1. Being away from the ligand (no atom under 16 Å from the Cβ) and at positive phi is true for just one of ARG286, ARG263, ARG307, ARG292. Which residue is that?
2. Which one of these is hydrophobic (A, V, I, L, M, F, W, C) and open to solvent by 40 Å² or more (accessible area, probe 1.4 Å): ALA291, ALA281?
3. Identify all residues within the range 113-143 that are open to solvent by 20 Å² or more (accessible area, probe 1.4 Å) and closer than 16 Å to GLY162 by Cα; write none if there are none.
4. Pick from the range 144-162 the residues that are in contact (Cβ under 8 Å) with a residue 60 or more places away in the chain and in a loop (DSSP other than H, G, I, E, B): which of them is most open to solvent (accessible area, probe 1.4 Å)?
5. Return the residues of the range 64-112 that are part of a loop (DSSP other than H, G, I, E, B), of a type in the set (A, V, I, L, M, F, W, C) and open to solvent by less than 30 Å² (accessible area, probe 1.4 Å); say none if nothing qualifies.
6. For residues in the range 223-260 being within 21 Å of ASN164 (Cβ to Cβ) and more than 13 Å from the ligand (Cβ to nearest atom), which is most open to solvent (accessible area, probe 1.4 Å)?
7. Out of ARG175, ARG198, which single residue is more than 11 Å from the ligand (Cβ to nearest atom), surrounded by fewer than 24 Cβ atoms within 10 Å (Cβ to Cβ), more than 10 Å from the chain's Cα centre (by Cα) and part of a loop (DSSP other than H, G, I, E, B)?
8. Checking the condition within 15 Å of the ligand (Cβ to nearest atom) and in contact with a Phe, Trp or Tyr (Cβ under 7 Å, 6 or more places away or on another chain), which residue from LEU103, LEU112, LEU139 passes?
Amino acid sequence: MRRWNGWGDEATVVELPSHGEAFLAELIGPGQTLADASLAQVLAKVPASRLPAHPLISQDAEARLRHARGQSLADWLAMRSGEFGVFPDGVAFPESAAQIRQLLAWASQQDLIVIPYGGGTSVAGHINPQASDKPVLTLSLERMGKLIEVDDDSLIATFGPGANGPQVESQLRARGYTLGHFPQSWELSTLGGWVASRSSGQQSLRYGRIEQLFAGGKVETFAGTLAIPSFPASAAGPDLRELLMGSEGRFGIISEVKVRISRLAEQEHFYAVFMPNWQQALAGIRRLAQARVPLSMLRLANASETRTQLALAGHPQQIAWLEKYLALRGARDGKCMLTFGVTGSRTQNGASLKQAKRLLKGFGGVFSGTLLGKKWAENRFRFPYLRHGLWSAGYAVDTLETATDWSNV
Ligand SMILES: Cc1cc2nc3c(=O)[nH]c(=O)nc-3n(C[C@H](O)[C@H](O)[C@H](O)COP(=O)(O)OP(=O)(O)OC[C@H]3O[C@@H](n4cnc5c(N)ncnc54)[C@H](O)[C@@H]3O)c2cc1C
């Protein structure tokens, strides 16, 4: 069962390690715990719906509560304190494009505000209803998660918009393919949401961001259906896909998504390299990216993130040994962890690894082997669960992103 006031499945619990709490207390001060509202307390605050009855719409208080907020820090504070703000007046769970059209026609007739809802992992506030005289209908795409067809020649798969990361990958992997799109919210976020929010994945270096993966599809609007064909390229005018990507659902409801898929790679490995300081780390990663070494993932943590990651990694004895080894090799206080991945054939991966290691060594990088990379890969989608362990210890976490040119980093 999904948590109503936090991240992911109730059965998955990621605790903060005991030494992690001491580390945080030293780094940013002692945690301050806040009281959580109970589900019953919040349910009591859900007002009566302003919608007339409709066979496709639930007015159930808990369904409305569960679709009222995303996952930003502001959302988290609202959910935990029980101060949700505005609730949608109803939630619909269409199972086909025809039902979406039916709901939109009715919403137009009733003059409703319609909010498309994918996995509810938005950190930008666009799925949260705002106070308005008009009733709000949230339209959840969770029942439209099927793989509709695969074009094996073009390597294009057509999905329902509500397929979340595990549903996308399991349906493709059964046929020997992958989409390769792995935002950290992968477990819950959906194809339609990725397109509408222009999402970026951890391995976009190999597979491309959603801009490169989104090939076309269908959108249901108040004015009718817009079908965007999957041309590989066009010399004729602007690209209509751009209208949808990042539109946050404001032009309509994406009812079908075509994506460019890849054959599963022969092998994949992740590695960690420690750079002696930020300046060398930055110079090294820039060179690596600009040399177009065929890596699938490239991440750099600054010194305080590196310290925090190592402190919260668990296995304090192993980490102490690693720290000693790194210090002997010149990566001491101020070191920055650079993680990279290679995905492809055995020969190609061998060559990429060699090239990356040689290049980073030139910037003082110390290769730490496969352990940390393996741990990263095992836990990559468990990190958001740590929010709970941190919250119980009195710490709140936010996620944000930005982009800039290398010269401005
Ligand atoms: C812990 C955490 C980690 C994250 N990591 C990443 C990351 O690595 N990369 C990244 O890019 N983002 C990340 N995000 C942000 C978020 O997960 C992405 O924006 C994601 O793409 C949202 O997808 P969703 O299915 O949850 O959409 P929702 O949150 O449900 O909706 C997002 C937006 O898309 C619209 N929408 C959803 N479905 C449709 C549809 N079918 N038709 C039209 N509009 C629709 C909604 O109205 C809303 O405006 C993260 C968020 C969290 C909380």
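The values are calculated or read from the model by the stated rules, or taken from the named source; none is laboratory data. Keep in mind that this is a model prediction, so the values were computed, not measured. Quick reminder, even Gly has a Cβ in these numbers, built from the backbone with ideal geometry, and neighbours come from all protein chains shown. Just so you know, the surface numbers come from the protein's heavy atoms only, side chains and all, with ligands and any DNA or RNA stripped out. Shrake-Rupley method; radii C 1.70, N 1.55, O 1.52, S 1.80 Å.
1. ARG292
2. On the way: ALA281 fails: open to solvent by 40 Å² or more (accessible area, probe 1.4 Å).
Answer to the check: ALA291.
3. Selection gives PRO116, GLY118, THR121, SER122, GLU142, ARG143.
4. The selected residue is SER154.
5. ALA68, PHE84, PHE87, LEU112
6. Here the answer is ARG260.
7. On the way: ARG198 fails: more than 11 Å from the ligand (Cβ to nearest atom).
So the residue among ARG175, ARG198 that is more than 11 Å from the ligand (Cβ to nearest atom), surrounded by fewer than 24 Cβ atoms within 10 Å (Cβ to Cβ), more than 10 Å from the chain's Cα centre (by Cα) and part of a loop (DSSP other than H, G, I, E, B) is ARG175.
8. Being within 15 Å of the ligand (Cβ to nearest atom) and in contact with a Phe, Trp or Tyr (Cβ under 7 Å, 6 or more places away or on another chain) holds for just one of LEU103, LEU112, LEU139, which is LEU139.
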